Amino acid sequence: MDEEDQLIQPQDQSCWATLPDVCLRRVFWWLGDRDRSRAALVCRKWNQMMYSADLWRYRTITFSGRPSRVHASEFESALWYVKKFGRYLEHLEIKFLNPYNVVLTKKFQVTMRGLLSCLGKSNNRLKSLSIQHLELDRLVWRNSIRSSFMKSLSFFLKKMGRHLNYLSLKGARLTTEQGCHILNALSYLRNESTVSELNIEDYFSHHLAVYSSPQFNKTMATFRNLVFLTLNYNCISDELLENLCDNTAGTLRTMNIKCHIHDPHGQVIWGMSWAKLARHATSLKVNFFFERVMKYERLARILLQEIPIRSISLRSCYFSDPDWSMRPTLTDLLPTFRHTLQKLTFEFNNNHESLDEELHLLILSCRKLFYFKIWAFLDVKFVERILKIREEGQCALRTLKVRIYTNRYETNEEDRTLREIYRRYRKLIDSELNYFVIAYPMM
């Protein structure tokens, strides 16, 4: 009987009891906090497994900016989490979504003070920190609340800056003095920062001519290991490019530059400054993102031929100007970068002019172009022309995304033509392309 019991016992035992630790951790990694808490009560082994560092390395903490009973416990939960598992954190992302009033910004500030204080005491492995879209120049951020938050963040970066490889403060919207004060905390007592990836897009408030600030250029000179840099064009100057050439030429690989219509972008940058940076930073690729900056004269001042441009995005956000023409940009300016361009994104209202032929010739001239996305008024046959040159090997496109604007509510005719085009080139599309094409009424 004993032998029979011994034979039956392993079969009755759950397979979870013999699952290797690495498999258990992988399963638990997909669980939310509530389910993890319940799983920790199952047995001693599972409880111990919940304290594995692998489960708590990545964290996104989201605070709702709207008063709600459902979200009332978010602030307390965030503090509880950091106190219990903060020592394991390596990548932390914090989101505060459109704060509704002063009460919520104050609550966020107090929570962040406790959260950052706890992390500073218990954590020595944080590599990545992202706090985005705070928009600290809004009225819901009283001066005292904003100052207290900045003080907590600055103190935290002074202590943890030596560990960080990635920092994103995108959308903070600070004055030049405030922004430089926080960035300087990363190099506290060391005169240089070890951050390799820095995102300061919309970090400064709109309308600020940051490029003319000696304080900003002095701050950026402390970054000696930058590999990826994201910022606005109102930060670009000959002095900044000189700093990057002197301090990061051996490491800098990517610059993402956003140019918004409301940001000052009329400064003069010498082509020789870009040429010097490109000559020393041999792996550098520059990506430009234009928001409502569409006129040829403005673009030509910014897109200098000495820049090693990899990607260009031009978006007008549905704004229409009958005096504006996209044709000179497509025929005279963008072909200048035909040897380096790999990605093109267009979103504009060209209801007053046809650009099918110009776009077709541009794609043919850019031999390295692998990504093309456009939202515009186009003839449906434009898609067929692009697929034809792709099939014949005249271009290298791997991604084609097209939204064809029409002036009619009904798009049945366009949809039928697109289906026929798809059937004709189905083999190519299914096997070699990331393909999305749709007709869209633009009324």
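The values are calculated or read from the model by the stated rules, or taken from the named source; none is laboratory data. In this text the structure is predicted, and so the values were computed from the model without any measurement. All Cβ positions, glycine included, derive from the backbone under ideal geometry; neighbour counts span all protein chains shown. The protein model used for the area step is the full one, side chains on, heavy atoms only, and it has no ligands, DNA or RNA in it. Shrake-Rupley method; radii C 1.70, N 1.55, O 1.52, S 1.80 Å.
Key figures for this structure:
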quantity	calculated
Using θ = phi - 60° and Karplus 6.51 cos²θ - 1.76 cosθ + 1.60, couplings along the range 412-424 (whole Hz; Gly, Pro as x)	4, 5, 5, 4, 5, 5, 5, 5, 5, 5, 4, 4, 5
Cα-projected label distance for GLU347 with TRP30, points at 7 Å along beta-carbon direction, nm	3.3 nm
Nonlocal amide H pairs with ILE404, under 5 Å, H built at 1.01 Å	ILE438, ALA439, TYR440
Relative contact order, percent, the range 57-401 [alpha-carbon distance under 8 Å, six or more residues apart]	9 percent
222 nm mean residue ellipticity, helices alone, for the chain (DSSP H n ≥ 4; -39,500 (n - 2.57); rounded to 500)	-11500 deg cm²/dmol
Subset of LYS107/LYS218; LYS368/LYS401; LYS45/LYS95 violating a 29 Å alpha-carbon distance limit	LYS107/LYS218; LYS45/LYS95
Carbon and sulfur %, accessible surface of the chain computed with the full protein complex present, 1.4 Å	50 percent
Amide H within-cut-off set for LEU314, under 5 Å, with H built and near neighbours excluded	PHE290, THR345, PHE346, GLU347
Other-chain or far-sequence residues with amide H under 5 Å of SER168's (modelled H)	LEU129, SER130, ILE131, ASN199
Rg/Rh (Cα only; Kirkwood hydrodynamic radius) as it applies to the range 323-443	0.95
Residue pairs, from the table LYS343/LYS381; LYS127/LYS258; LYS127/LYS276, whose Cα atoms sit over 29 Å apart	LYS127/LYS276
Rg over Rh, two decimals, the chain (C-alpha only, Kirkwood Rh)	1.05
Candidates per GluC sites (Glu not before Pro) in the range 372-417, loop by DSSP, up to 11 other Cβ within 10 Å	GLU392, GLU410
For the range 270-330, the spread of Cα positions along each principal axis, largest first, Å	43, 18, 15
Using alpha-carbon coordinates, inclination of helix 102-122 to the longest axis of the chain, degrees	60 degrees
LYS83 - accessible surface, heavy atoms, 1.4 Å probe, Å² rounded to 10	140 Å²
Difference of contour (0.36 nm per residue) and Cα-Cα distance, ASP332 to ARG190	46.4 nm
